[in-house]
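Remarks on the structure that follows.
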Amino acid sequence: MPEPIRITKADEALWQEYEELATRAYGHTVGDITRLRDHADLRVAVRDGRVVAGGLGLLLHQFFGGAPVPSAIISAGAVAPEERGDHLSSRLLAERLRPLCENGAVISTVWTTSNGHLRRLGWQAPVPVFAWSIATEDLKRAFTRSGVDIEHGRAQEGEKLQRHLARQWNGPFQRPDWWPAWLDDKHGLTTYRFGPPRTPTGLLSYVMKRHPRHGMDLTVHDLWAADAATASEMMAFLGSHHTRAPAIHFRRSALPPCPTLLHNLHRYRLTAEAWHPWMLRILDIAEAVRLRGWSPGLEISVRLEIENETGAAWQSYLLEVKDGVGRIVETPAPGDVRLTRGQLAVWYAGGYRTAATAHLAGVAARSDDALTHLIRATADTEPWLPDHI
């Protein structure tokens, strides 16, 4: 009879063994297991002295409503093929979250292809995610350079701009100090800053690789623009690569959800490719509401019914927001809006833009006015997560 599975924090030997297991499970080397070793927590499942599963966890902050909220980032999880089908991943996931919650995480985010599995555990995708490709000649024709200064390299000014712009969306990571070096080591990025050298208004990073036949493949990883003029300048700059790169590819979720291409292309000939989305889970409802940013002019009071962790019962809450401060407390009164754990995560990220979209997503409400007010509380900023771990 096999020994029961033991889940533990990895030491040096277990870390190396998990890296070998992940390579076998994925079918290729997972470089981040090595690159993130100094920043991540690794939990592994051990049976009979062998690592049979594991995964990384990182404590980062994500911006919601302009405020950084501590988040448990789950990444690089793998189960040995011979161990699959026995719910090991669910048990391991709980153990991966536990130390991150103990250190302050109140929400959790993951990029995953196992959407159904994570959805059953309380995660939900706030928005669909796409990668885009466009002929470089189309960009060249649609956008014209205006003479804005362009400087090569990230520099401190570029990182400061990125942090400022990230606050304007729901989801981006508050990138830690090690982030730029990790990104460049992982992808070999080329980065440019646009605008005045001391106060840039744009940051663009991309990778160029030789095309199998001729020219180069150019893939954009970061595109941060403070205004429409800068965004147009960046598109024109990408268009200037037409002699080497026949197409410009925007990595999944790299292109912000704004209509720059829609409103400027002479012919709308983009190719969109759907990707697995990022998924969000609320781990601590009260703290997630308290730590999130709220519009200073917002004042609401809405009674909610929220599904519990197991999905077996519902708890009534009163949500109140006033003077930029939000709080949610349990109440015996019945709620006007009912949210599953997944629907709560989508609302938190601003994924419901109107009462109609919420209704179509299955949100139940006794009062349409209450639902409208609830949606307005988070719809002032849009969900967008361009970062990947």
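Values in this text are rule-based calculations from the coordinates and carry no lab data. Treat the numbers as computed from the prediction; the structure is a model and nothing was measured. Reconstructed Cβ throughout: ideal geometry from the backbone, glycine too, with neighbour counts over all protein chains shown.
Using θ = phi - 60° and the Karplus form 6.51 cos²θ - 1.76 cosθ + 1.60, what ³J(HN,Hα) does each residue of region 214-221 get, whole Hz, x for Gly and Pro?
Each residue's phi maps through the Karplus curve to give 7, x, 9, 9, 10, 10, 7, 9 Hz.
Along the charge dipole of the chain, which of 255, 126, 92 sits closest to the positive end, that is, farthest toward it, with unit charges on the beta carbon of Lys, Arg, Asp and Glu (+1, +1, -1, -1)?
The one lying farthest along the dipole's positive direction is 255.
Within the chain, what is the longest stretch that has no trypsin sites (Lys or Arg not before Pro) placed in a DSSP loop and near at most 15 other beta-carbon atoms within 10 Å?
Between the exposed loop sites, the longest stretch runs 270-352.
Where does region 134-246 land on Rg/Rh, using Cα atoms and the Kirkwood Rh?
Radius of gyration over Kirkwood radius for region 134-246 works out to 0.97.
Using the C-alpha atoms of region 316-360, what convex hull volume per residue, in cubic angstrom, is computed?
97
For region 315-331 and region 332-370, what is the separation of their Cα centres, given in Å?
Each part reduced to its Cα centre gives a spacing of 15 Å.
From the square roots a ≥ b ≥ c of the eigenvalues of the alpha-carbon gyration tensor of the chain, which class results: rounded (a/c under 1.5), prolate (a/b over b/c), or oblate?
Since a/c reaches 1.5 but b/c is at least a/b, the shape of the chain is classed as oblate.
What residues have an amide H closer than 5 Å to that of residue 30, excluding those fewer than 5 places away on the same chain, when H is modeled at 1.01 Å from N in the peptide plane?
23
Can you compute the charge dipole magnitude of region 5-127 about its Cα centre, using +1 on each Lys and Arg Cβ and -1 on each Asp and Glu Cβ, nothing else charged? Give it in debye, rounded to the nearest 20.
In debye, rounded to 20, region 5-127 gives about 400.
Say the dipole of the chain comes from +1 at the beta carbon of Lys and Arg and -1 at that of Asp and Glu; which of 191, 28, 361 then lies farthest toward its positive end?
191
State whether region 198-281 is rounded, prolate or oblate according to the following rule on the C-alpha gyration tensor (a ≥ b ≥ c being the square roots of its eigenvalues): a/c under 1.5 gives rounded; otherwise a/b larger than b/c gives prolate, and the remaining case gives oblate.
rounded
Once the dipole of the chain is set up with Lys and Arg at +1 and Asp and Glu at -1 on Cβ about the Cα centre, which of 295, 51, 152 lies farthest towards its positive end?
The residue sitting most towards the positive pole is 152.
Take the Cα gyration tensor of region 257-380, multiply each eigenvalue by 5, square-root it, and list the three semi-axes largest first, rounded to whole angstrom.
30, 17, 14
Are there any helices in the chain, counted as whole DSSP H runs, that stretch 18 Å or more along their axis by Cα and score at least -1.0 on average by Kyte-Doolittle, and if so which?
Once both thresholds are applied, what remains is 12-26, 88-102.
Separation of region 1-35 and region 115-186 by C-alpha centroid, Å?
Centre-to-centre distance over Cα atoms comes out at 30 Å.
Cα atoms only, region 1-53: Rg and Dmax in Å?
Cα radius of gyration and Dmax of region 1-53 are 11.3, 37 Å respectively.
Indicate the gyration tensor shape class of region 78-165 (rounded, prolate or oblate), computed on the Cα atoms with a ≥ b ≥ c the square roots of the eigenvalues: a/c under 1.5 is rounded; otherwise a/b larger than b/c is prolate and the rest oblate.
Note, shape of region 78-165 comes out prolate.
Mind jotting down a quarter of the surface of the convex hull over the alpha carbons of region 66-106, in square nanometres, one decimal?
With the hull built on Cα positions only, its mean projection is 3.7 nm².
Pull up all non-local amide H partners of residue 324: gap of 5 or more, or a different chain, and H-to-H distance under 5 Å with H placed in the peptide plane.
298
So how strong a dipole does region 318-389 carry about its Cα centre when Lys and Arg Cβ are +1 and Asp and Glu Cβ are -1, to the nearest 20 debye?
The dipole of region 318-389 has a size of about 180 debye.
With +1 on each Lys and Arg Cβ and -1 on each Asp and Glu Cβ, and nothing else charged, work out how big the dipole of region 230-336 is about its Cα centre, in Debye to the nearest 20.
On the way: 11 positive and 12 negative charges, 167 e Å.
Dipole magnitude for region 230-336 comes out near 800 debye.
Cα-based Rg (one decimal) and Dmax (whole number) for region 19-177, in Å?
When restricted to the Cα atoms of region 19-177, Rg and Dmax are 19.6, 66 Å.
Any number yet on Rg/Rh for region 14-81, C-alpha, Kirkwood?
Using only Cα positions, Rg/Rh for region 14-81 is 1.08.
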